[in-house]
Amino acid sequence: MKIQKAGYHGIYFPEWNLCLDGYHPDAKFNFVSHAHADHMPRNRKAKVHATGATVELMRQRGFAGEAITLKFGEWVESDSYRFRLFPAGHILGSAMLYLESEEGSLLYTGDYRTPPSPASEGFEAPKNVDYLITEATFALPIYKWKSHDVLADQVRGFASNSLDEGYTPVFLGYNLGKAQELMHLLAPLGHPMMIHGAGYKLCSVYTRHGFDLGNFTAYNHDTCEGNILIAPSSALSNGFASNVPKKRIAYCSGWAANESRRTQLTVDKLIPLSDHLDFFELIRFCEKLSPKKVYITHTPNPDVVRHYLDELGIENGYLDLERETED
């Protein structure tokens, strides 16, 4: 199985003319797993294949090329292989590609999360595969997530306690995926929310797909005090909520498992709410699928994951692709 790098970060299989999360002019299929910038093709006028929700989100983010929409579970036939998509649980529209050919079966995960984000289509995977290409964003045993119920309680508790004590709660999370998951978790409180403008335009896709994001409007600097505010970390340096004298800030990310982030970002609370699976779920997933070989991508350092896979007797290698995390 020949694997080549395609452009900035994609993977290209020349024998199949198949490109994953990138763009190659010779590819019959350029598959995009989800709409985060590090998985979209740099060529915004490329012809791509993706789920309907991913295409909608890509359009909102400036993609102007031809898009062929695919449904979960629907087989797509080619001359030497066929493939279908499984829901990845990462963000709305995120998909894993499962392929069958004479060389064996392959699963490409893109970014994924199990247990899945409640603001996604869920998570499903084949029972076993011959080859697995998996991300390993959180590739150390320090990354072990609490249950989703516990994390949801932390999110709602931070908002309610801050409001009860006269503070405006600010949640820091990426504009696509994390922001909408936070809103979905906060919706039961019924309190008005304001979301950063770049994230606001993406919310309509989520609501069209049936996700309750609560009582929200676009962020307004003059009237934001007293609302629940949601923005990316970068917004703070650009004056987001700078006029609010009493505010409390929660940083929501898998990287919040590192206590050093509290002082780096000057925040009041760290909530390790990730849209990726943790280290132990990653190892369990590899063990469950029992592939002939695992290829690791999108990781700061693959050494610990490779050690654990070696201990399990699973052959593995590292695909050194440039990465740009959006967790």
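The values are calculated or read from the model by the stated rules, or taken from the named source; none is laboratory data. These numbers come from a predicted model, not from an experiment. Cβ: placed from backbone, ideal geometry, glycine included. Neighbour counts: every protein chain shown.
Some values worked out for this structure:
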quantity	calculated
Sole exception among (1) farther than 18 Å from residue 190 by Cα; (2) under 23 Å from the mean Cα position of the chain (by Cα) for residue 210, by number	(1)
Filter result for residue 166 (modelled with pLDDT of 95 or more, part of a loop (DSSP other than H, G, I, E, B) and in the same structural domain as residue 222 (by TED's automatic domain parsing))	yes
Selection status of residue 133, among the β-branched types (Val, Ile, Thr) and over 17 Å from residue 256 (Cα atoms)	yes
Residues satisfying the stated conditions in the range 168-226, i.e. aliphatic (A, V, I, L, M) and touching an Asp or Glu at 6+ places or on another chain (Cβ under 7 Å)	187, 205
Residue pairs meeting the criteria (Cβ under 8 Å; at least 6 apart or on separate chains; first farther than 13 Å from residue 181 by Cα, in the range 142-160; second surrounded by 13 or more Cβ atoms within 10 Å (Cβ to Cβ) and hydroxyl-bearing (Ser, Thr, Tyr))	143/274; 145/274
Test result for residue 103, surrounded by fewer than 24 Cβ atoms within 10 Å (Cβ to Cβ) and in contact with a Pro (Cβ under 8 Å, 6 or more places away or on another chain)	no
Qualifying residue in the range 11-19 (condition: surrounded by 24 or more Cβ atoms within 10 Å (Cβ to Cβ) and touching a residue at least 60 places away in the same chain (Cβ under 8 Å))	yes
Any hit, the range 63-70, residues being touching a Gly at 6+ places or on another chain (Cβ under 8 Å) and among the polar types (S, T, N, Q)	yes
Strands (runs of 3 or more DSSP E) contained in the range 1-87 and holding at least 1 residues assigned by TED's automatic domain parsing to the domain that holds residue 107, in contact with a helix residue (DSSP H, G or I) (Cβ under 9 Å, 6 or more places away or on another chain) and not polar (S, T, N, Q)	48-51, 67-70
Unique match (being out of contact with any Pro (no Cβ under 8 Å at 6 or more places or on another chain) and either under 21 Å from residue 154 (Cβ atoms) or touching a residue at least 60 places away in the same chain (Cβ under 8 Å) (or both)) among 232, 245	232
